[in-house]
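Structure first, commentary second.
The values are calculated or read from the model by the stated rules, or taken from the named source; none is laboratory data. The structure presented is a predicted model; accordingly, all values stated were derived computationally and were not measured. Cβ atoms come from the backbone with ideal geometry, glycine included; neighbour counts cover every protein chain shown.
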Amino acid sequence: MCGIVGAVAARNVQGILLEGLKRLEYRGYDSAGMAVISPQGQLDRRRAVGKVAALEECLEEAPLSGELGIAHTRWATHGKPSERNAHPHQSGESLAVVHNGIIENFESLKSELEGQGYVFTSETDTEVVAHLLAREVDRQADLFEGVRRVLASLDGAYALGVAHCSEPETLIGARQGSPLVVGVGIEEAFLASDPLALLQVTDRFIYLEEGDLVRLRQGGSIEIFDINGKPVERPVKIFEHGDGAASKGDYRHFMLKEIYEQPAVIAKTLEGRLAQSSVLVNSFGTEAEALFSRVKQIHIIACGTSYHAGMTARYWLEKYAGIPTQVEVASEFRYRQVVVPENTLFVTLSQSGETADTLAALRFSRELGYLGALAICNVPGSSLVRESDLTLMTHAGPEIGVASTKAFTTQLTALMLLALALGKVRGVNEGRQAEIVAALRELPRMVSRVLALDSEIEALSTAFAEKHHALFLGRGAHFPIAMEGALKLKEISYIHAEAYPAGELKHGPLALVDNEMPVIAVAPNDELLEKLKSNLQEVRARGGELFVFADENVHLKEGEGIRVLRLPHIDEALAPILYTLPLQLLSYHVAVLKGTDVDQPRNLAKSVTVE
Ligand code: G6P
């Protein structure tokens, strides 16, 4: 939920750290800070409330200089956003620490430290770590050993970066439950929560494992120790995505850029995974065929937008593979008494692969007797990918906008591949499979055609900017698409939005419908169309203003109180992917009209690595 970056190099690291923080801002942006060890061997720190730009201004007025430093951008968990709660936290004048995660036993540790005379200057859990480390280093006179001992007393999740004046050439990092990578430079070394933060200085990374502790030293030395303190070698991996992904290019916002990338990234997600008229099952790994042939049930677990992808996939897995499927949010699943029928496949969906609840659900699933765990994920090397038996990577590239767009449609694409692969192994619906595969090949082109409707969608957005509520309706696999539409609108425009399966309208939400409540309906040409049309009549009869996204072949008359935007006809199986696009664009334009912070909406973070 917060972003960490650290550097030890034979040059002033302020610029590297600042650039890293800007690239990590998607993880948190309510305050930021930086500390370096100055050429005189002293700790020098700057902190500022607000976005990284506020810290940048502060650094312009009072620059830092030093060859070793740590920095942090925060998303508050313990203590409100304020300068004194911003990281790095210090104990005295010699030790500074940055932290991502939550120390669950901080209260008892804090009272113990207060009893020994340590004075706390913040409300954070992190400050406990700073004082514990300072106490240990005083006792041990060795920074690395001190950190190792303190870690043993911490419960919870953390990624840490630690600097101490007594060892001005050593930077320590540790990871337990929160991501941390080491950037391998030429005679220099770096730490970060996400490789994205360091692409300006290196493309070579070591992904630390749970429990790892790392010592970086001036000159580029990198020593890693596992949870038992044993020195270990971890592979150096070359980062796959180009650096261009972290910049907005000619777009006003990352979100818009990412919406427009969808034809290309969907094509990438399909690349090399389709045979003539079916899906290549071994795209899911060499073990996939044997495992898939045994699957009798599926449980899908995810959070946020990824959960909506899972809900959509349920319709596909049941229809095209004939496999009973349940979908649940990870935060509920992990605390439930789960009954797992024999031969159930456990599937996690996650853009980041680091969402704390999803990761905990995967670990919890290991005790429950599942057939195996498949992760559909966008980040190679993420914890979820490393800990799953089978993986299918979406190739969306880095997604920076907090509101997820291209990650969602590539997840849907990957999930359709899963439904078809399972159908193939089980010999279900073979003729239909070939049709859907043909439609998948056309999908990027169809998505581009919908993007060409952008100015018409922008024109619709004026009807929403002054409204306080909105209702989204869909049926079948388009109900989760309506949910995703409502989520996008509330995330970035702060308009209260709800989604309902249209058939439920008369069981409650109809009471809310009047001319102040715009109603958005998703109406592809499928077997539920006639039923949906009756539901729309119910809205019109109550004076509700309707905005319908419909198939070009659907007979629906525009008129007073009903606006219809026509989408190109697509195979019914893939319509949920196509109908996502206008809802993304609509939310985007409403947010722009309202002047909200589109890429970094208030109170939200891109990657939720705390529970
Ligand atoms: C956060 C983000 C959402 C995202 C969710 C799950 O809430 O703001 O956009 O859908 O986390 O993230 P994941 O990386 O697991 O897909």
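Numerical summary
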| quantity | calculated |
| --- | --- |
| Of all residues in the range 188-204 being within 16 Å of the chain's Cα centre (by Cα) and not in a helix (DSSP H, G or I), the one that is modelled with the highest pLDDT | S193 |
| Residues located in the range 573-611, provided they are surrounded by fewer than 19 Cβ atoms within 10 Å (Cβ to Cβ), more than 16 Å from the ligand (Cβ to nearest atom) and not basic (K, R) | L593, G595 |
| Hits in the range 46-86 - residues which are among the basic types (K, R) and in a loop (DSSP other than H, G, I, E, B) | K51, K80, R84 |
| Condition met for E504 (surrounded by fewer than 19 Cβ atoms within 10 Å (Cβ to Cβ), modelled with pLDDT of 85 or more and within 33 Å of the chain's Cα centre (by Cα)) | yes |
| Any hit, the range 266-286, residues being within 16 Å of the ligand (Cβ to nearest atom), in contact with a helix residue (DSSP H, G or I) (Cβ under 8 Å, 6 or more places away or on another chain) and either part of a helix (DSSP H, G or I) or among the basic types (K, R) (or both) | yes |
| Residue match in the range 405-423 (condition: away from the ligand (no atom under 14 Å from the Cβ), over 25 Å from L196 (Cβ atoms) and over 27 Å from the mean Cα position of the chain (by Cα)) | yes |
| Flag if S493 is in contact (Cβ under 8 Å) with a residue 24 or more places away in the chain and among the hydroxyl-bearing types (S, T, Y) | yes |
| Residues (among the aliphatic types (A, V, I, L, M) and within 11 Å of the ligand (Cβ to nearest atom)) located in the range 384-404 | L384, A396, V402, A403 |
| Subset of the range 119-147 that is touching an Asp or Glu at 6+ places or on another chain (Cβ under 9 Å) and among the charged types (D, E, K, R) - its residue that is surrounded by the most Cβ atoms within 10 Å (Cβ to Cβ) | D125 |
| Lone qualifier among I266, I259, I298 - being crowded, with 23+ Cβ neighbours inside 10 Å and over 21 Å from the mean Cα position of the chain (by Cα) | I298 |
| Residue pairs meeting the criteria (Cβ under 7 Å; at least 6 apart or on separate chains; first surrounded by 24 or more Cβ atoms within 10 Å (Cβ to Cβ), in the range 13-31; second assigned to a helix (DSSP H, G or I) and among the small types (G, A, S)) | G20/A197; R23/A197; R23/A246; L24/A197 |
| Any hit, the range 467-479, residues being crowded, with 17+ Cβ neighbours inside 10 Å and part of a helix (DSSP H, G or I) | yes |
| Candidates L274, L256, L280, L270, filtered to the one that is at pLDDT below 95 and within 25 Å of L585 (Cα to Cα) | L270 |
| Hits in the range 403-452 - residues which are surrounded by fewer than 24 Cβ atoms within 10 Å (Cβ to Cβ), touching a residue at least 24 places away in the same chain (Cβ under 8 Å) and part of a loop (DSSP other than H, G, I, E, B) | V428, N429 |
| Any pair with Cβ under 6 angstrom, 6 or more apart, that starts in the range 99-126 at a residue that is among the acidic types (D, E) and ends at one that is part of a helix (DSSP H, G or I) and buried (at least 16 other Cβ atoms within 10 Å of the Cβ) | D125/F106 |
| Yes/no for A373 being buried (at least 24 other Cβ atoms within 10 Å of the Cβ) and more than 10 Å from the ligand (Cβ to nearest atom) | no |
